[in-house]
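Contents: one structure, followed by commentary.
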Amino acid sequence: MVTVSINGQKVEVEKGSTVLEAAKKIGIKIPTFCHDERLKPHGSCRICVVEVNGGANLPTACVTPVYEGMEVETESEDVVTARKEILDLLLADHPLECLTCEKAGECVLQDLCYQYGVEETSYDGARNHYEIDQSNDFYYSDQNKCIKCGKCVMVCDELQETHAIGFAERGFETHIATPLERGLSESTCVSCGNCVSVCPVDALGSKKKTKFRYWEVNKVRTTCSYCGVGCQMDLLVKDNKVVEVQPADGVNDRMLCAKGKFAFDFLSHPDRLKMPLIRKDGRLQESTWEEAYDTIVGKINSIKAENGPGAFAGLTSARCSTEDNYMMQKFMRAAIGTNSVDHCARL
Amino acid sequence: MTNSVDEVLKSDVLFVTGSNTTENHPVIGSKMKQAVKNGAKLIVADPREIELAYYADVFLQIKPGTSLALSNGLMHVILAEELQDDKFIEERTENFEALKELVKEYTPEKVAEICEVDAKDIIKAAKIYGEGNRAAIYYCMGITQHSTGTESVMSIANLAMLTGNIGREGTGVNPLRGQNNVQGACDMGGLPNVYPGYQPVANPDMKKKFDEAWGVDLSDENGLTLPEMMDNALRKSVKMIYIMGENPMVSDPDTTHIRKAIESLDFLVVQDIFLTETAELADVVLPATAYAEKDGTFVNTERRVQRIRKAIDAPGEAKNDWEIFMNLMNRLGYEKTYESASEIMDEIASVTPQYAGIDYSRLEGNGLQWPCPTKTHEGTRFLHGERFARGLGLFKPANYKPSAEVTDEEYPLIMTTGRVLYQYHTRTMTGKTEGLNNLAPESFIEISPELARVKNIETGDRIKVSSRRGSITVNAKVTDKISGNTVFIPFHWAEGAANILTNGSVLDEYSKIPELKVSAVNIEKAS
Ligand code: SF4
Ligand code: SF4
Ligand code: SF4
Ligand code: FES
């Protein structure tokens, strides 16, 4: 263990920890663009610079290891000047569309420009103009907004392991693209959206079916309802509607697949069943719960009187909750009297 | 799974068999690819050249239905090369001699012939698995949906025990659960022979326990399995079926047979979130809530009980499934009421030993992996650590038997079924997502280039596929993912439904799982 001081506060951390980790431990926030603890450290954006023992060169907190007796300042004058300069440079080639930008409210660039009071760029130079790639069904790539943090590429390479995107061109023209710039729909991309989830700006964004602002939504932690991996995720809810899904920590290590990330439209689909239906004159017709319960209970009683509990069978569901399943088998066993309960687990 | 998902990255050998992991369990599939990049060796056995095959050190493109022979062959080589774990066999297992005897005749050459792969690859795979320090096996429906499914699973377990690859981190025998809560449905006794917690209904002590817990006199007779229910419906001895959240009209084998069975019923109740193909046949359809509209739990493939939480209100008058059952029970004279899903979990914990330590307050955070026998127990990452449930691990040697469904002149091809990445099960949910439908709009048949040449078929041609049960018409996809006379059709779509063709009548003798992965078919260009 080593003891370091951050903004005058002492903290003990394991040897080999980074300054960023040490700061996190005592709740001191250092801004980051390119850092993600799941990825190999690469220290490319430099927004996380800090001052160490009053030295003039400012190391990046996300890759610099701590040492005994280290004294770190995270918001010193030099640090703030350096961060402002980085933001200034980023804005030199970034459209200031915050009013209509989908990411507003959850954009790291916007937040940091606000924090450090960077209103606009002091540079006057060329700007890139890329066409927005809308070819993927679930997300777009707007390279005019990319800040080249590299996270999307690394997530696709190191975590998702699909290798669909990479950096194209060099220098000023650097941007994220698919091989040969054929566009996302022609790439090997599997639409997992894991790159979208880590993009700090709106360069990679989910196509929204409902307009919403990030400050308008509630986040509800839940478990994906598709396959048995059981990924953890947050549902973003606005006006009683799920408008986006974001990956959360858990067995999935903040990853999702296309189904978990993007396939939630069914919840608010107009075809959802809303009322009990009872077959009358050969047709299923809307009815009330009372009538539905009476019909079912009536049938159960008459069939049971005539044929006994052996005439009943029930299918529980690998899709429903554990509690729903428990209640159904209890209903079949305790209220009807048969063990004929099964489900499609075999399929 | 005997082990946990994050242990994928702790293994030095992964043997993936009958699981197209990157499409069916994508997040685990990615972890497998990460493991390979970190240096783990990968063995893949599958009739199709799935994505993982490209990452594999050995890819065994086995004929559908031959994985039992393959496991026996691998064990043969492991014994011949003396790669078995003698200490583990000695201390933790029994019946080893019988296994040794049985696998003697499964020489690589013989197995190569059965599986239609190269004997050298079998030897190579056996050496990789046998030499691994932490070798894990992952499997899915490609193993279980065969007439010898249970025996195939046993032989996989034999392989793990033979090499001591069980009960330690990064090892194990790991079935990947297809649906979000298959594990929970099984745990809760959604099976005809057991109460919650796999406590047999035919065991008088268990019956007594549940009689007392539930305050009723329960039946001690095993109930009917799904295929038996359908047969009994046809015979008119089952009169009423109640279906919650399932769509057997698409998911089950031999759709024509299922339809007849359902139509023979006096009364069908279906409770679901959409009017599914099955619900359309019902007498009463009840609107249920979806996962985002209720509190509850799902149990994932590593036995982790995790919360779902109500985020939005259900549409119209839809109700929680558990509430509907409570209301029906009350009307049938069973008085007990519940206020919440949490209260039901408390009752579950009181009757289910594996869940005894679980309640909602303990599930905040990342849930708990059962067995979790007490309120202070932290849950169980991997099973069989010190000992097996029965004490010693029993080798259960099993001989390979060819699939019950055989090809002949009229039906010379073998069809196997599965899922695709962009659709899910019977598409009740994914079918309502535009983007997914664009990526995977309709059913198709994968045909090998060799076969396509013989039949003069090109990608996009309309193909009539027939089996002894019926026929469907789908689009051709010529691909070298598949080889020889094997064809593949995903089962998601009601239109061009693979399960019109599959055989529901041949069941695994133990698990009663139908032989879904092997159907004899023929194909011709549709006019
Ligand atoms: S969506 Fe997934 S596969 Fe596609 S580029 Fe992003 S991370 Fe890669
Ligand atoms: S697209 Fe987003 S994640 Fe990728 S490099 Fe640009 S800013 Fe970073
Ligand atoms: S996000 Fe994908 S991998 Fe994760 S549980 Fe859902 S369906 Fe499975
Ligand atoms: S966050 Fe540290 S260099 Fe980018």
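So here's what we get for this one:
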quantity	calculated
Alpha-carbon spread of the stretch A:11-151, three principal axes, descending order, Å	51, 35, 23
Relative counts (whole %) of C-alpha pair distances in the stretch B:319-418, using bins that are 5 Å wide	2, 9, 12, 11, 10, 9, 9, 9, 11, 10, 5, 2, 0
Residue of A:LEU87, A:LEU267, A:LEU277 that the Gaussian network model of chain A assigns the largest fluctuation, springs spanning Cα pairs under 10 Å	A:LEU277
Hydrodynamic radius (Kirkwood) for the stretch B:14-148, which is based on Cα pairs only, to one decimal in Å	15.3 Å
Cα gyration tensor category, rounded, prolate or oblate, for the stretch B:5-49 with a/c compared to 1.5	oblate
Electrostatic dipole magnitude of the stretch B:134-253 [Cβ: Lys, Arg +1; Asp, Glu -1; Cα centre; debye, to 20]	260 debye
Prolate/oblate/rounded call for the stretch B:173-264, Cα gyration tensor, a/c under 1.5 rounded	oblate
Within chain A, percent of DSSP bridges classed antiparallel, to nearest 5	90 percent
The stretch A:277-346: equivalent-ellipsoid semi-axes (sqrt of 5 x gyration tensor eigenvalues, Cα, Å)	22, 18, 11
B:SER505 paired with A:GLU97, simple spin-label distance in nm, labels 7 Å along Cα-to-beta-carbon	6.3 nm
Part-to-part distance (alpha-carbon centres) for the stretch A:280-347 and the stretch B:313-327, which is given in Å	15 Å
Other-chain or far-sequence residues with amide H under 5 Å of A:ARG221's (modelled H)	A:LEU235
Paired Rg and Dmax values of the stretch A:128-207, which use every Cα atom, in angstrom	11.1, 30
Pairwise centroid distance, computed over Cα atoms, of the stretch B:110-132 with the stretch B:206-227, Å	46 Å
Cα shape, the stretch A:2-91, gyration tensor, a/c 1.5 rule	oblate
Using a Förster distance of 45 Å, the FRET efficiency for B:ASP359-A:GLU291 (Cβ separation, nearest 0.05)	0.75
Heavy-atom SASA rank of A:ASP294, A:ASP202, B:ASP57 (probe 1.4 Å, accessible area, largest first)	A:ASP294, B:ASP57, A:ASP202
Förster radius 25 Å - calculated FRET efficiency between A:GLU68 and B:GLU378 (Cβ-Cβ, nearest 0.05)	0.15
Kirkwood-Stokes translational diffusion coefficient of the stretch A:218-270, alpha-carbon pairs, 20 °C, 1.002 mPa s, µm²/s	192 µm²/s
Those residues of the stretch A:201-229 for which accessible area with every protein chain present is at least 20 Å² below the isolated value (1.4 Å probe)	A:LYS209, A:VAL220, A:ARG221, A:THR222, A:THR223, A:SER225, A:TYR226, A:CYS227, A:GLY228, A:VAL229
Taking the convex hull of Cα positions in the stretch B:244-380, its mean projected area over all directions (nm²)	10.3 nm²
Exposure rank, largest accessible area first [A:VAL108, B:VAL5; 1.4 Å]	A:VAL108, B:VAL5
Surface accessible to a 1.4 Å probe, B:TYR129 within the full protein complex, Å²	0 Å²
Percent accessible area from carbon and sulfur atoms, the stretch B:413-525, protein chains only, probe 1.4 Å	45 percent
DSSP-defined antiparallel bridges as percent of all bridges, the protein assembly as shown, nearest 5	55 percent
Accessible area expressed per residue, the stretch B:257-326, with surrounding protein chains retained (probe 1.4 Å, Å²)	25 Å²
Where only alpha carbons of the stretch A:199-345 are counted, the Rg and the Dmax (Å)	20.9, 68
Under the Karplus curve 6.51 cos²θ - 1.76 cosθ + 1.60, θ = phi - 60°, whole-Hz ³J(HN,Hα) for the stretch B:257-267, x wherever Gly or Pro sits	5, 4, 4, 4, 4, 5, 5, 7, 6, 6, 7
GNM flexibility winner over chain A from A:THR60, A:THR295, A:THR222 (Cα, springs under 10 Å)	A:THR295
Shape metrics for chain A, restricted to C-alpha atoms - Rg then Dmax, Å	27.3, 92
For q = 0.05, 0.06, 0.10, 0.11 Å⁻¹, Debye-computed log10 I/I(0) when each Cα of chain B counts as one equal scatterer	-0.21, -0.30, -0.88, -1.07
Euclidean distance of C-alpha centroids, the stretch B:21-36 and the stretch B:258-304, integer Å	30 Å
Charge dipole magnitude, Cβ of K and R +1, D and E -1 - the protein assembly as shown, Cα centre, debye nearest 20	880 debye
Residue-count net charge about B:PRO490 - beta-carbon cut-off 13 Å; Lys, Arg +1, Asp, Glu -1	+2
Sites B:ARG235 and A:LYS219 - FRET efficiency at Förster radius 56 Å, r taken between beta-carbons, to 0.05	0.60
Extension reserve of the B:ARG453-B:GLU317 stretch, reckoned as 0.36 nm per residue once the Cα distance is removed	43.4 nm
The stretch B:373-510 - convex hull of the alpha-carbon atoms, volume per residue in Å³	213 Å³
The stretch B:225-287: translational diffusion in µm²/s, Stokes-Einstein, Kirkwood Rh over Cα pairs, 20 °C, 1.002 mPa s	188 µm²/s
Integer Hz, Karplus 6.51/-1.76/1.60 couplings in order for the stretch A:225-235, x for Gly and Pro	9, 9, 8, x, 5, x, 4, 8, 7, 10, 8
Estimated translational D of the protein assembly as shown in µm²/s (Stokes, Kirkwood radius over Cα pairs; 25 °C; 0.890 mPa s)	84 µm²/s
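The values are calculated or read from the model by the stated rules, or taken from the named source; none is laboratory data. What you see is a predicted model, and the numbers here were worked out from it, not measured in a lab. Positions of Cβ are generated from backbone atoms using ideal geometry, with glycine treated the same way; all protein chains shown enter the neighbour counts. Surface areas here come from the heavy atoms of the whole protein model, side chains and all, with no ligands, DNA or RNA. Shrake-Rupley method; radii C 1.70, N 1.55, O 1.52, S 1.80 Å.
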